[in-house]
Amino acid sequence: MELGIQGKRAAIAAASAGLGFESALALANEGVRVAICGRDRERIESAAARIGNGAIAVVADVGTPEGATGFVADATDALGGLDILVTNAGGPPAGTFESTPFSAYPSAIDLNLLSVVAMCQAAVPGMQAQRWGRVVAITSLSVRQPIANLILSNTARAGATGFLKTLAREVFADGVTVNSAQPGLHATDRITQLYGDEAMIGNVGDPADFGAIVAFLCSQQAKFTTGVGLHVDGGAYQALL
């Protein structure tokens, strides 16, 4: 399917590997000009080379609001504007209510909530001005059903979902859609770190398939789809609503 976004300009955060990388690759394969970021220069430049198609590597840590805003600014400058924003970040440390100190919460909220707010504040006004834009946030299935031993991620990403749903209603009339893609278990380094190699056995998603879903949410055909939290999880979420 031709997605109608050839020549658009996209910033994809935390895209040196995993779901961010595959989202950037899927968009680049649709003819989108992409800028990607990561904290390690060697890794992000290697990722940009593998994507090809003129992908631009930006060294940035979106785990702080300043880093998140700076990435969008650098990507916008490098691309000459911005049409698509894919927010993404690594996950905070694992832990339970009992094992997680209060002092761990601010950095988790910076990483998985305030980074999303900061990137949107930096990118969305320009999209509104040009009357076309796409925001897709990579979050987690945990916003629908909290995942055991991930209390920090469960808390921060739920807040991001509330922000995104609110933003979607406010900017749709300006031609900007705002959605989130909520992964379940996919074959990424993050899942291996959390659950070990045994997590790769069984019903585990292909990150490339996830990237294709992100690309579709950025498409021209998805122009009437906004405020959606799409769980991409192989049926792991079983509630009726």
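Tabulated results
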| item | result |
| --- | --- |
| All positions within the stretch 199-219 that are surrounded by 13 or more Cβ atoms within 10 Å (Cβ to Cβ) and not hydrophobic (A, V, I, L, M, F, W, C) | GLY205, PRO207, ASP209, GLY211, SER219 |
| Residues being of a type outside the set (Asp, Glu) and either touching a His at 6+ places or on another chain (Cβ under 6 Å) or in a helix (DSSP H, G or I) (or both) - total across the stretch 1-43 | 13 |
| Search result, residues across the stretch 85-126 that are assigned to a helix (DSSP H, G or I) and free of Cβ contacts under 8 Å to residues at least 12 places away in the same chain | PHE102, SER103, PRO106, PRO125 |
| From ALA24, ALA68, ALA15, residue being over 26 Å from THR155 (Cβ atoms), modelled with pLDDT of 95 or more, under 17 Å from the mean Cα position of the chain (by Cα) and not β-branched (Val, Ile, Thr) | ALA24 |
| Any hit, the stretch 131-152, residues being at pLDDT 95 or above, among the small types (Gly, Ala, Ser) and surrounded by fewer than 20 Cβ atoms within 10 Å (Cβ to Cβ) | no |
| Residues of the stretch 131-153 that turn out to be more than 21 Å from GLY227 (Cβ to Cβ) and assigned to a helix (DSSP H, G or I), as a count | 3 |
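The values are calculated or read from the model by the stated rules, or taken from the named source; none is laboratory data. This is a predicted model, so every value here is computed, not measured. Every residue, glycine as well, gets a Cβ built from its backbone with ideal geometry; the counts of neighbours run over all protein chains shown.
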